[in-house]
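Structure first, then comments.
The values are calculated or read from the model by the stated rules, or taken from the named source; none is laboratory data. Predicted model, so just to flag it, every value in this text is computed and none were measured. All Cβ positions, glycine included, derive from the backbone under ideal geometry; neighbour counts span all protein chains shown.
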Amino acid sequence: MWQGRPVVLEAVGVSRFDEEVYRAVLTEPRSAVRDLAESAGAGAARTRQALKRLTALGLVRRVERSLWEAVSPQSALSALVHRRRSETETAFARLETEFAHLHRLHRAGQLRSDPGALVEVLTGREETMRRVDELSRSVTTHLWTLDKPPYLEAVGEPHHGEMETATTREWLERGVDIRGVYCLESIEPPGRLETILNLAALGEQSRLLPHLPFKARIVDRRIAVVPLAGGIQDSIMLVHPSGLLDGLMELFEAYWERAEPMFSDGLGAVEGPSEEELVLVRLLHAGYKDQAIARQLGVSVRTATRRVAALLKRLNADTRFQAGVKARERGWV
């Protein structure tokens, strides 16, 4: 038997001894059992058992009653690596499922002994920000948000918008289902609407409602973050798997169904709106007056009024309400 040779095939299910026999088969076009046994430094019976295992793995084949040859290593080992990779992925998937089951058992046991364990209440800005950041880093499948002030950070600042955009892009590249329901208060901070529209353009599913009664974030359908009275910087509640979490997810779905999409499929049509017209339609639909529209667009009230008038003219509408109806008829909203 060769001494000191590195063993490389254990990772794909070939034992140390079987690899020695396999290497011996590779050195000769056709090998007899007695010669292979001598090369491996073992008895004929043990060598035959190794050949049977190697045959089952597709690495060797019998060509005559007592002669053996190797299957092309390039194809045989590639197939073996692919098979082992598939088995490993399946095993990890089963482990993840089992871990989730064990976690549910653990949570159920906690809830039976201490029903209060289904929620955590965190207080203090430092602790709150630390836990929210941890949850953001742990997102893998879902991120559903009911968005309204107050915020932990200055959401209207350019640097925050850039950070939010970069994080959202990373989540989307990982296949995370990102959905956000915003309200009028969400888009009041200068620059906030532009950021939200940028997130929607990236692929976030974004919708708008006139009002939301509270804010919440649901991570991977396994935990919800809900601010308590006094603002998110003061205290938050973390809701773990339970009937309460199920209720919050159903509530999110209800608000999602009621909300209006930020973007419409009609944007690509010839008669579709420009980006500015789309923003105007959304703001008018949400009930914004000219002064608020001017603040969002960063223009004077007179300019905002002129642009609204131009939009009504294009839509052949006499009132803002008619403009909203005709925009919907055109598929703009």
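Numerical summary
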| read-out | value |
| --- | --- |
| Among (1) basic (Lys, Arg); (2) in contact with a Ser or Thr (Cβ under 8 Å, 6 or more places away or on another chain); (3) within 25 Å of Ala286 (Cα to Cα), the one test that Arg221 misses | (3) |
| Qualifying residue in the range 253-271 (condition: buried (at least 19 other Cβ atoms within 10 Å of the Cβ), at pLDDT below 85 and not in a helix (DSSP H, G or I)) | yes |
| Members of the range 6-32 that are part of a helix (DSSP H, G or I), under 11 Å from Trp68 (Cβ atoms) and without any contact (Cβ under 8 Å) to a residue 40 or more places away in the chain | Val21, Ala24 |
| Leading residue by the ranking (modelled with the highest pLDDT) among those in the range 225-252 that are outside any helix (DSSP H, G or I) and farther than 26 Å from Leu208 by Cβ | Leu238 |
| Members of the range 162-190 found to be modelled with pLDDT under 85 and touching an Asp or Glu at 6+ places or on another chain (Cβ under 7 Å), listed by number | Ser186 |
| Selected residue (only one of Ala304, Ala216 is crowded, with 20+ Cβ neighbours inside 10 Å and either within 20 Å of His142 (Cα to Cα) or modelled with pLDDT of 90 or more (or both)) | Ala216 |
| Of all residues making up the range 13-49, the number that are surrounded by 17 or more Cβ atoms within 10 Å (Cβ to Cβ) and within 22 Å of Ser78 (Cβ to Cβ) | 8 |
| Pick from the range 33-86, criterion outside any helix (DSSP H, G or I) and among the polar types (S, T, N, Q), ranking: modelled with the lowest pLDDT | Ser66 |
| Residue among Arg65, Arg61 that alone is within 20 Å of Val12 (Cα to Cα) and free of Cβ contacts under 8 Å to residues at least 12 places away in the same chain | Arg61 |
| Residue match in the range 197-205 (condition: crowded, with 16+ Cβ neighbours inside 10 Å, at pLDDT 90 or above and outside any loop (DSSP other than H, G, I, E, B)) | yes |
